[in-house]
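Read the structure below first, then the notes.
Just so it is clear, none of the values below were taken in a lab; they were calculated from the coordinates. Everything quoted here is computed from the prediction, not taken from an experiment.
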Amino acid sequence: MITSIIDSLDEIPAAEWEHLARPAGLYLSHRWLAGEAQDPTATSAYALVRDLDGTLLAATPLHLVREEPNDSYRPETVLPPHLRPRVVAGARRGYHNTPLTAPGLDPARRSACLTLLRDTARQFAGHHGTTHWWPYLTAEATELLAPLYPAPPRHLEDDALIPLPGTSFDDYLASLPSRRRVSIRRERRAFAEAALDVRRHALADCFEEAGALLAGHQQGHGHDRDGTDAMTALLKRQAATMGDEARVVAAHDGDRLIGFCLYYHYAATTWIRAVALDRDHPAPHLYFNLTYYLPIEDAYAHGTTALHVGMTTIEAKRRRGAAVSPLHALVDR
């Protein structure tokens, strides 16, 4: 097998990368990573493992971080004091990470590919005078990679995924206990009675208004660096890179945006990316409808079979049918 590092995803056909990425998730997709490469806080490269005939067997992004604006990806906030890696292996955003390997590899070959990815990440980091880490690895990825690293995995958070059985919202409801079905119907009914204007947009059509609302939401949760300019620029970049794949469901009271959810349909999953509410303009069960019920309706319409709802408020997600699994970090010596 042959390893290499390329400086740009433009050097590899999107279809070749996607063959590995689609089972892994949105935050390792070719289109998403192309957008993240424009982030001025890090420089990205891409480690590749190919067979002798040129077939791509494994890959991972490598991000040399100069400044990390997200506290959850800052080593000093989630790792022991003596560990300060500056290279992120895999996904740098989204709290969902795994190395990319070709579907159908036998265990021995997959293990050999992962060892080569580790060695390449180690060499890349060493060239820049630092080490690397894999933050927010899925449970399966952790099991595969942990034997290759000197220290045991560190649990960071838990991840939630809501299965969507059948073909309609009613099928989703039927999969839940009767008490939960009654509660969800009540929450949907109260929201509908508020008579808000629910609209669906491409992110490109609303990123400025959404960015201002997201900034207020983030700052209300203690993220003081997430100002309007930063959040608007972030959403603008996503809109430009992801195009019509960046979908927004929004609640308006007249001309005023009072809440939105940004999500993506990718492979078999709908991925919730951001939710923001106007705290000065509450509405009955606005959060639950924007975060779960309206995206679930769209997921069924699009044909996906799960809703990725991510970290935090885990018990609320369990009550809505989520399966929960741990997310770990692995750090090189």
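How much mean residue ellipticity at 222 nm does the chain get from its helices, if each DSSP H run of length 4 or more adds -39500 (n - 2.57) and you divide by all residues, to the nearest 500 deg cm²/dmol? Could the numbers behind the result be given before it?
Working: 11 runs with 112 residues, N = 333.
Rounded to the nearest 500, the figure is -10000 deg cm²/dmol.
Phi angles across the stretch 289-295 convert, under the Karplus curve 6.51 cos²θ - 1.76 cosθ + 1.60 with θ = phi - 60°, into 3J(HN,Hα) values of 6, 6, 7, 10, 6, 5, x Hz, Gly and Pro given as x. Here the stretch 249-323 yields Rg over Rh of 0.98, to two decimals, using C-alpha coordinates and the Kirkwood radius.
Summarising the overall dimensions of the stretch 165-304 from its C-alpha atoms, the Rg and Dmax are 15.4, 45 angstrom.
Using 0.36 nm per residue of separation minus the Cα-Cα distance, give me the extension gain between Gln123 and Arg179 in nm, one decimal.
Working: separation 56, 0.36 × 56 = 20.16 nm, distance 5.43 nm.
The Gln123-Arg179 span can extend by a further 14.7 nm.
What the phi angles of the stretch 26-32 give under the Karplus curve with 6.51, -1.76 and 1.60, with θ = phi - 60°, is a coupling list of 3, 6, 10, 6, 4, 5, 5 Hz, glycine and proline written as x.
Put simply, the C-alpha atoms of the stretch 2-157 give a gyration tensor, and the ellipsoid matching it has half-axes of 23, 18, 15 Å, longest first.
Less than 5 angstrom separates the built amide H of Gly259 from those of Ala251, Asp278, all sequence-distant by 5 or more or on a different chain. Only one of (i) 34, 56, 10, 0; (ii) 30, 57, 13, 0; (iii) 28, 46, 21, 5 was calculated from the structure for P(r) over Cα pairs in 20 Å bins from 0, in percent, and its label is (ii).
From the square roots a ≥ b ≥ c of the eigenvalues of the alpha-carbon gyration tensor of the stretch 230-275, which class results: rounded (a/c under 1.5), prolate (a/b over b/c), or oblate?
Judged from the Cα gyration tensor, the stretch 230-275 comes out oblate (a/c at least 1.5, b/c at or above a/b).
Residues in the stretch 134-149 carry Karplus couplings, in order, of 10, x, 6, 6, 5, 4, 5, 5, 4, 4, 6, 8, 3, x, 8, 10 Hz; the curve used is 6.51 cos²θ - 1.76 cosθ + 1.60 with θ = phi - 60°, and Gly or Pro positions show x. Extension gain for Glu315 to Asp53 (0.36 nm times residue separation, less C-alpha to C-alpha distance): 89.5 nm.
Normalised by the residues of the chain, what does the relative contact order come to in percent, with Cα pairs under 8 Å and at least six apart?
Values: 628 pairs, mean separation 70.4, N = 333.
Dividing the mean separation by the residue count of the chain yields 21 percent.
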